Amino acid sequence: MKTVDLRSDTVTMPTGQMRQAMALAEVGDDVFKEDPTVRRLEEKAAEITGKEAALFVCSGTMANLVCQLVHCGRGDEIILGDQSHVFFYEQGGSAAVGGIHHRTVANLPDGTMSLEAIAQSIRPDDVHFPRSRLIIVENTHNRCCGMPIKADYMDKLRQLADDHGIAIHVDGARIFNAAVALETTVAELVRQADSVCFCLSKGLGAPAGSVVCSSADFIDEARRARKVLGGGMRQVGVLAAAGLVALEHVAERLEHDHANARHLAENLDAIDGLKVELNYIRTNIVYVAVDPERLSAEKLVQRLADRGVLVFATGPGKIRAVTHHPLTPSDIDFAATVFAEAIQMD
Ligand SMILES: *Cc1c(COP(=O)(O)O)cnc(C)c1O
């Protein structure tokens, strides 16, 4: 059976070029900072993000946790979106591991948070309160339709953060998608961030890994945090080699994923019983509202799976589809046809 897997861009497989680079990678003990391929990846990541230094870590979740641990001590508070990945999908790791408190602010549909709401959440210096240390912005915003966050929002946020001596971290799991969608550079989007991390293993297609980028001092501390979390890997240049191929050859291809997402969104929105907010399709994530009178999202997901189209239900009437390499426009047409069939079965 033909299968089109739209569950996530994490299902991407390493390309032939990646596998070749992995086989040939020069390696060493990275805990001793002796893996030349990891060092090359870190230098490249620092250059792309416009930061002083970088650190290769196992996953996006580890990257965000490492950054939270470096920015905050026990009892400190982080302001972040109520739909953010860090708050929603990371097991409350910063509380469990670091004793760090999360203060959520509503995410607006475009993935930002109102600056007034953030300002109101910042704690005054008072013995009753935790100390506000960090604001986290997610770019692109996974649960907010994959919306890219613009540089001018970051400029205003920087001003607010500086007024209160608070740091900014960007969870840039899909920051390369944001740069492509906004026709700008990753460096421009994270210029105002004290730290940023991005995933190599989503749309960029590498088998594993994320990179944290920041000042050299911050990265020294992040290296300690990575070690205590069990993330000190040894001859990990075999993975970094794939990451380098991702940065050098895959990042520029993301526009195809975005075109496929738009194509999918338009096709699904035209189907009776489905609705897509087309204005919010800017990158590779498509949220589809399912008319609950017709069918539950779970049931539709099951019917789609039976016919070879894989997606996730993310709420009672909501399905998420994510486009990625190497899906083609004809795969998207197939997926849309299967959606139309599955919803018309009653
Ligand atoms: C996927 C994702 C992460 C976490 O990445 P993992 O590698 O799966 O741990 C963090 N933030 C966002 C926005 C993500 O989409």
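The values are calculated or read from the model by the stated rules, or taken from the named source; none is laboratory data. What you see is a predicted model; the values in this text were computed from it and never measured. Backbone-built Cβ (ideal geometry, glycine too); neighbour counts: all protein chains shown. Protein only, heavy atoms only, side chains kept; ligands, DNA and RNA dropped before computing areas. Shrake-Rupley method; radii C 1.70, N 1.55, O 1.52, S 1.80 Å.
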So how far, in whole Å, is the C-alpha centre of the range 161-224 from the one of the range 127-143?
15 Å
Only Lys, Arg (+1) and Asp, Glu (-1) charged, at Cβ; the range 259-346 dipole about Cα centre in debye
280 debye
Simple SL model, points at 7 angstrom along Cα→Cβ for residue 32 and residue 248; separation in nm is 2.6 nm
So if I place +1 on the C-beta of Lys and Arg and -1 on the C-beta of Asp and Glu, and nothing else carries charge, what would the dipole magnitude of the range 217-291 be about its Cα centre? I want it in debye, nearest 20.
580 debye
The chain - charge dipole about Cα centre, Lys and Arg +1 at Cβ, Asp and Glu -1, debye rounded to 20
660 debye
Considering amide H positions built from the backbone, and no H for Pro or chain starts, which residues 5 or more places from residue 75, or on another chain, come under 5 Å of its amide H?
100, 101
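Just for the range 107-202, what percent of DSSP beta bridges are antiparallel, to the closest 5?
Counting DSSP beta bridges with both partners in the range 107-202, the antiparallel share is about 20 percent.
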Below 8 Å between Cα atoms, with a sequence gap of 6+, how large is the relative contact order for the range 14-250 in percent?
31 percent
Hey, what do the phi angles of the range 238-245 turn into as Karplus ³J(HN,Hα) couplings, whole Hz, using 6.51/-1.76/1.60 and θ = phi - 60°, x for Gly and Pro?
4, 7, 4, 4, 5, x, 5, 4
Where GluC sites (Glu not before Pro) fall in DSSP loop in the range 89-184, at most 10 other Cβ within 10 Å
183
So what's the angle, to the nearest 10 degrees on a 0 to 90 scale, between helix 297-306 and the longest Cα principal axis of the chain?
70 degrees
What's the local net charge at residue 155, with K and R +1, D and E -1, over the other residues with C-beta under 13 Å away?
+1
Taking 0.36 nm per residue of separation and subtracting the Cα-Cα distance, what length does fully extending residue 305 through residue 1 add?
108.4 nm
Once amide hydrogens are built 1.01 Å from N within the peptide plane, the residues lying 5 or more places from residue 167 or on another chain with amide H under 5 Å from its amide H are 134, 135
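How large a share of the accessible area of the chain, in percent, is made up of carbon and sulfur atoms when the probe is 1.4 Å and the other protein chains stay in place?
Answer for the chain: carbon and sulfur cover 50 percent of the accessible area.
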Angle in degrees between helix 216-228 and the longest Cα principal axis of the chain, rounded to the nearest 10:
70 degrees
For the range 22-81, average projected area of the Cα convex hull in nm²:
5.9 nm²
Could you work out, for the chain, what percent of all Cα-Cα pairs fall into each 20 Å distance bin, beginning at 0 Å and stopping at the bin that holds the largest distance?
31, 55, 14, 0
So, for the chain, what is the accessible surface per residue at a probe of 1.4 Å, expressed in square angstrom?
43 Å²
If one compares the long axis through the Cα atoms of helix 36-49 with the longest principal axis of the Cα atoms of the chain, the angle in degrees, nearest 10, works out at 80 degrees
Mean-square fluctuation check for the chain, GNM, Cα pairs under 10 Å: which of 329, 316, 14 is largest?
316
Lysines with Cα under 26 Å of residue 33, excluding same-chain neighbours fewer than 8 positions away:
44, 51, 202, 227
